[in-house]
Amino acid sequence: MDNAKYPLRQIEEDSFVNIRNQSVVFGRGKDGRVVNYRTGGRNFKLLSREFKKVEMFPRRDLFHNPESYTYVMPEQKNDGLATGDLIEEIRDTEPIIKMVKETIKGKFPEVHNILVLKNDKLIFEEYFYDYDADTPHQLRSSSKPLIEGILGIAIDKGFIKDEKEKLIPFFAKEYQNLQNMDERKKLR
């Protein structure tokens with residue numbers, strides 16, 4: 001469908017499969033207009049009928065021929081990060097290359113990029129769905145290991161007592177009027 005974030009292939013009148021080959025079935029109201037869709041055992045209500053035509057492909061140039069993907073060493077930029085060659089740094093590159101090809105096929109629709117650092121060098125850098133090195137986007141769970149490491153250092157250095165200590169008291173002056181304050185955020 002032209003207006004889908006990710007391409008859908010029609011099976012029957014209101015039945016489609018997405019690029020991961022998952023069923024997507026549209027439901028209609030009494031007037032015959034689409035009101036929701038069902039996928040993965042969950043129902044999603046139609047929020048708007050105003051759509052801009054957008055087609056998103058992991059890599060438009062390779063979507064129909066992911067096997068033609070070839071590795072290219074990351075470009076050296078003036079950003080303080082050295083680059084290196086995947087083939088020189090990793091003995092078996094096949095799993096990484098296979099992951100990229102599967103991403104290009106649409107198997108991982110929420111993967112926007114894959115970066116690999118080894119020996120303080122960026123040895124692998126690929127982007128998907130029109131993202132690039134300059135596209136800001138949310139880190140979400142990828143920031144958890146970094147935060148956990150910083151928390152461990154703060155505990156080790158004695159800045160905080162343990163991982164259960166509340167953070168709000170440390171910022172009481174800066175954040176006097178927090179929205180959505182509840183008991184979980186307050187000092188014990």
Discussion item. Here are the criteria: (1) over 15 Å from F63 (Cα atoms); (2) among the aliphatic types (A, V, I, L, M); (3) in a loop (DSSP other than H, G, I, E, B). Tell me which single one I87 does not satisfy.
Written reply: (3)
Fill in: Residues of segment 119-166 satisfying the condition of being among the aliphatic types (A, V, I, L, M), surrounded by 11 or more Cβ atoms within 10 Å (Cβ to Cβ) and within 25 Å of M56 (Cβ to Cβ)
A133
Item to complete: Looking at (1) under 23 Å from the mean Cα position of the chain (by Cα); (2) more than 21 Å from Y131 (Cβ to Cβ); (3) of a type in the set (V, I, T), find the lone condition where I97 falls short.
Response: (2)
Practice prompt. Could you give me the residue pairs with C-beta distances under 7 Å whose first residue belongs to segment 85-108 and is surrounded by 15 or more Cβ atoms within 10 Å (Cβ to Cβ), whose second residue is assigned to a loop (DSSP other than H, G, I, E, B) and charged (D, E, K, R) wherever it lies, and which are 6+ apart or on separate chains?
Written response: I104/R59; G106/R20; K107/R20
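Being within 14 Å of F124 (Cα to Cα), of a type outside the set (F, W, Y) and surrounded by 10 or more Cβ atoms within 10 Å (Cβ to Cβ) is the filter here; which residues of segment 51-76 pass it? Working first, answer last.
Of segment 51-76, the ones within 14 Å of F124 (Cα to Cα) are 69-76.
Filter once more, keeping what is of a type outside the set (F, W, Y): 70, 72-76.
Within segment 51-76, V72, M73, P74, Q76 meet the criteria.
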Worksheet item: For R60, all conditions in the list (1) part of a loop (DSSP other than H, G, I, E, B); (2) basic (K, R); (3) at pLDDT 90 or above; (4) under 23 Å from the mean Cα position of the chain (by Cα) hold save one; what is the number of the exception?
Response: (3)
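The values are calculated or read from the model by the stated rules, or taken from the named source; none is laboratory data. Keep in mind that what you see is a predicted model, and the values were worked out from it rather than measured. We place every Cβ from the backbone using ideal geometry, glycine too, and count neighbours over all the protein chains shown.
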